[in-house]
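> Okay, handing you the structure first.
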Amino acid sequence: DNIVIAGFMLGNNNGNDRVVVRGVSATGVSNPLQDPTLELRNSDGALVGSDNDWQDDPVQASAITAAGLEPPSPLDAAIFATLPPGIYTALLAGRDGGTGVGVVEVYDLGAP
């Protein structure tokens, strides 16, 4: 309940791929998600990364900023990851059970 589940696949290459996954509050709607949290899991369900406020981790924030993909709000969530080919799931929810409309975005930055 009260979670967005978005899946994506990385494939058709021989190596790793860099991605930025963002969980952001929707704009222009009556009930935006106020404080998104984000988890990234692989096809086995193992946690690859997680985030609450995208600027909290300076290394992650630097990589996301360098890619030009800063979320609009400091409360939005984002994960920069280098991943092997495979199937992944992004899980977007509200912090502390918060609800509202949120958006999951996946940006493929190509090989490292």
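> How do the pairs read when you match residues in region 37-52 that are open to solvent by 40 Å² or more (accessible area, probe 1.4 Å) with residues anywhere that are aromatic (Phe, Trp, Tyr) and at pLDDT 95 or above, using Cβ under 9 Å and keeping only pairs 6 or more apart or on different chains?
Filtered contacts from region 37-52: ARG41/TYR88; ASN42/TYR88; SER43/TYR88; VAL48/TYR88.
> Any residue in region 96-106 that is at pLDDT 95 or above, part of a strand (DSSP E or B), surrounded by 13 or more Cβ atoms within 10 Å (Cβ to Cβ) and of a type in the set (Asp, Glu)?
Yes, because at least one residue in region 96-106 is at pLDDT 95 or above, part of a strand (DSSP E or B), surrounded by 13 or more Cβ atoms within 10 Å (Cβ to Cβ) and of a type in the set (Asp, Glu).
> Among the numbered criteria (1) open to solvent by less than 60 Å² (accessible area, probe 1.4 Å); (2) at pLDDT below 95, which single criterion is violated by ALA77?
(2)
> Would you confirm whether any residue within region 79-92 is in a helix (DSSP H, G or I) and touching a strand residue (DSSP E or B) at 6+ places or on another chain (Cβ under 7 Å)?
Step one: filter region 79-92 for residues in a helix (DSSP H, G or I), giving none.
No, that holds for no residue.
> Applying the selection to region 1-13, what residues are touching a residue at least 40 places away in the same chain (Cβ under 8 Å) and either part of a loop (DSSP other than H, G, I, E, B) or open to solvent by less than 100 Å² (accessible area, probe 1.4 Å) (or both)?
Those that are touching a residue at least 40 places away in the same chain (Cβ under 8 Å) and either part of a loop (DSSP other than H, G, I, E, B) or open to solvent by less than 100 Å² (accessible area, probe 1.4 Å) (or both): ASN2, ILE3, VAL4, ALA6, GLY7, PHE8, LEU10, GLY11, ASN12, ASN13.
> Within region 58-69, does at least one residue satisfy the condition of being surrounded by 15 or more Cβ atoms within 10 Å (Cβ to Cβ) and modelled with pLDDT under 95?
Within region 58-69 (the criterion being surrounded by 15 or more Cβ atoms within 10 Å (Cβ to Cβ) and modelled with pLDDT under 95), the answer is no, since none of the residues qualifies.
> Same structure, new question: Looking only at region 16-36, which residues are assigned to a strand (DSSP E or B) and either open to solvent by 20 Å² or more (accessible area, probe 1.4 Å) or touching a His at 6+ places or on another chain (Cβ under 6 Å) (or both)?
ARG18, ARG22, SER25, PRO32 - these are the residues of region 16-36 that are assigned to a strand (DSSP E or B) and either open to solvent by 20 Å² or more (accessible area, probe 1.4 Å) or touching a His at 6+ places or on another chain (Cβ under 6 Å) (or both).
The values are calculated or read from the model by the stated rules, or taken from the named source; none is laboratory data. As the structure is a computational prediction, the values presented were derived from the model and not from experiment. No Cβ is skipped: glycine too gets one built from the backbone with ideal geometry, and neighbour counts run over all protein chains shown. Just the protein is used for accessible areas: all its heavy atoms, side chains included, with ligands, DNA and RNA removed. Shrake-Rupley method; radii C 1.70, N 1.55, O 1.52, S 1.80 Å.
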